[in-house]
Amino acid sequence: MTCNVSRVTCKGKSQKIYNILFLIIISFVLSPFTFHLSPSLCEASYLDIGLGPRAQGMGNAFTGLADDALAMYYNPAGVGQLFEKEVGFSYAALYPGLDYPTGKTNLGDMFIGYVHPLPDKIGGTIGGMWLNRQASNIYSENSFIVSYGRKLREGIYVGANFKILQLAYSPTLWTYDENLGGILWEEGGTSDPVFDKGTSVVGVGLDLGVLFDIDEKLRIGFCLKDFNQPNMGLKDPSPVPMSIKVGAKYELGEFRILGDLTTRNYDYNLNLGVEWWMTELPIGIRGGFAFGSRRYSQISIGASYLLMPLSGPFMYQFDYAFMYSLSGIEGTGGTHRVGMTLRIK
């Protein structure tokens, strides 16, 4: 499987590499001091846990590749290299088996997205995505994303996201029982003052991304997610922290080697993955590993089947991924993700 954009060696490669490395170093040096001064930053809502079975099968390393509809989530610059109409869908049951004070809680997420190349006189590609994450009837997050990406010049792509974010809690009342030492989920108690102004909030998030083709094999991606830090607090200010993501993709024969480095507040994650599309069969195999702060450690595997009918404008890709946490989360059998991509020529 190859990307939709032709690979060419860029002029001034040495200068470009220098500029990219300079931006990366400056961003990661300044991020803990420039962007993390607020003491009330929110760490619970809109965590970047990844999306879609293809990217998750590669250890959630996709910022430097971003060559399908998932680019709207990982790096909007990748939308600019999509020259065919594309529909993507995914569903995941997250960490089945986890307990909640009232019993089992169903965690899940899903997304549906569409990208559409614009006429040549306008240029670029536009996309839209709806992403939902929820915990039974207790909590839900919705993101409505509009993406735009385009080729700036040969080997350089830029893109941006405009996002409407909605966070909602169940209106069920909370009470506190000192004898049991914690907050209980109980009908008929006294409401928490956090919910005095309502049980939902809406905000606007903004992302920026860029992709650089260093040569025919190496590509580097850079993305700032939620750089405006939208406030998603119900009562007190609770801005979503900005995420800084740097990713790389290297072509090694039939294999793609990928790596992402992400910082969010003082947390750092390193995600590594590999993708292999078989030459003789329409099958892709993936594997990945990720680790970081707060005892984050995870392995993943995945696979795809590509169905290309002899006639008709459609091409179908079916994806699956399995993720297993090595530390930090106990009592779960891992996470399964399934998805499908429909490309229209």
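Can you find even one residue in the stretch 246-265 that is farther than 25 Å from ALA93 by Cα, crowded, with 20+ Cβ neighbours inside 10 Å, of a type in the set (Val, Ile, Thr) and touching a residue at least 60 places away in the same chain (Cβ under 8 Å)?
Yes, some residue in the stretch 246-265 is farther than 25 Å from ALA93 by Cα, crowded, with 20+ Cβ neighbours inside 10 Å, of a type in the set (Val, Ile, Thr) and touching a residue at least 60 places away in the same chain (Cβ under 8 Å).
Between a residue in the stretch 51-68 that is in contact (Cβ under 8 Å) with a residue 40 or more places away in the chain and in a loop (DSSP other than H, G, I, E, B) and any residue that is surrounded by fewer than 24 Cβ atoms within 10 Å (Cβ to Cβ) and of a type in the set (Lys, Arg), which pairs come within a Cβ distance under 9 Å, given they are 6 or more apart or on different chains?
What qualifies is ASP68/ARG343.
Within the bounds of the stretch 105-112, is there any residue that is within 22 Å of LYS345 (Cβ to Cβ) and out of contact with any helix residue (DSSP H, G or I) (no Cβ under 8 Å at 6 or more places or on another chain)? Give the steps one after another, and end with the answer.
Of the residues in the stretch 105-112, the ones within 22 Å of LYS345 (Cβ to Cβ) are 112.
Now restrict to residues that are out of contact with any helix residue (DSSP H, G or I) (no Cβ under 8 Å at 6 or more places or on another chain): 112.
There is at least one residue in the stretch 105-112 that is within 22 Å of LYS345 (Cβ to Cβ) and out of contact with any helix residue (DSSP H, G or I) (no Cβ under 8 Å at 6 or more places or on another chain).
Looking only at residues in the stretch 273-315 that are β-branched (Val, Ile, Thr) and exposed (fewer than 15 other Cβ atoms within 10 Å of the Cβ), which one is farthest from TYR74 (Cα to Cα)?
Here is the first cut: in the stretch 273-315, the residues β-branched (Val, Ile, Thr) are 274, 279, 283, 285, 299, 301.
Keeping just the survivors that are exposed (fewer than 15 other Cβ atoms within 10 Å of the Cβ) gives 279, 283.
Details: THR279: 27, ILE283: 23 Å.
Only one residue fits best here, namely THR279.
Considering only the stretch 176-188, I want to know if a residue exists there that is at pLDDT below 70, of a type in the set (Phe, Trp, Tyr), surrounded by 14 or more Cβ atoms within 10 Å (Cβ to Cβ) and in a strand (DSSP E or B). Write out each step before concluding.
Restricting attention to the stretch 176-188, the residues satisfying the condition of being at pLDDT below 70 are 176-188.
Remaining after also requiring of a type in the set (Phe, Trp, Tyr): 176, 185.
The next check asks that each one be surrounded by 14 or more Cβ atoms within 10 Å (Cβ to Cβ); those that pass are 185.
Checking the rest, the ones that are also in a strand (DSSP E or B) come to 185.
There is at least one residue in the stretch 176-188 that is at pLDDT below 70, of a type in the set (Phe, Trp, Tyr), surrounded by 14 or more Cβ atoms within 10 Å (Cβ to Cβ) and in a strand (DSSP E or B).
Conditions: (1) under 13 Å from the mean Cα position of the chain (by Cα); (2) at pLDDT below 95; (3) not basic (Lys, Arg). PRO101 meets all but one. Number of the miss?
(1)
Restricting attention to the stretch 104-126, report how many residues are assigned to a loop (DSSP other than H, G, I, E, B) and touching a residue at least 40 places away in the same chain (Cβ under 8 Å).
From the stretch 104-126, those assigned to a loop (DSSP other than H, G, I, E, B) are 105-106, 118-124; that's our starting set.
If we keep only those that are touching a residue at least 40 places away in the same chain (Cβ under 8 Å) as well, we get 124.
Count: 1.
Please tell me if ILE145 is of a type in the set (Val, Ile, Thr) and either within 17 Å of the chain's Cα centre (by Cα) or not in a strand (DSSP E or B) (or both).
Numbers: of a type in the set (Val, Ile, Thr): yes; either within 17 Å of the chain's Cα centre (by Cα) or not in a strand (DSSP E or B) (or both): yes.
Criteria met by ILE145.
Kindly establish whether LEU270 is modelled with pLDDT of 95 or more, hydrophobic (A, V, I, L, M, F, W, C), closer than 20 Å to MET58 by Cβ and surrounded by 18 or more Cβ atoms within 10 Å (Cβ to Cβ). Walk me through it before giving the result.
Numbers: modelled with pLDDT of 95 or more: yes; hydrophobic (A, V, I, L, M, F, W, C): yes; closer than 20 Å to MET58 by Cβ: yes; surrounded by 18 or more Cβ atoms within 10 Å (Cβ to Cβ): no.
Answer is no for this residue.
The values are calculated or read from the model by the stated rules, or taken from the named source; none is laboratory data. In this text, all values refer to a predicted model and were calculated from it rather than measured experimentally. When we count neighbours, we look across all protein chains shown, and the Cβ atoms used for this are built from the backbone with ideal geometry, even at glycine.
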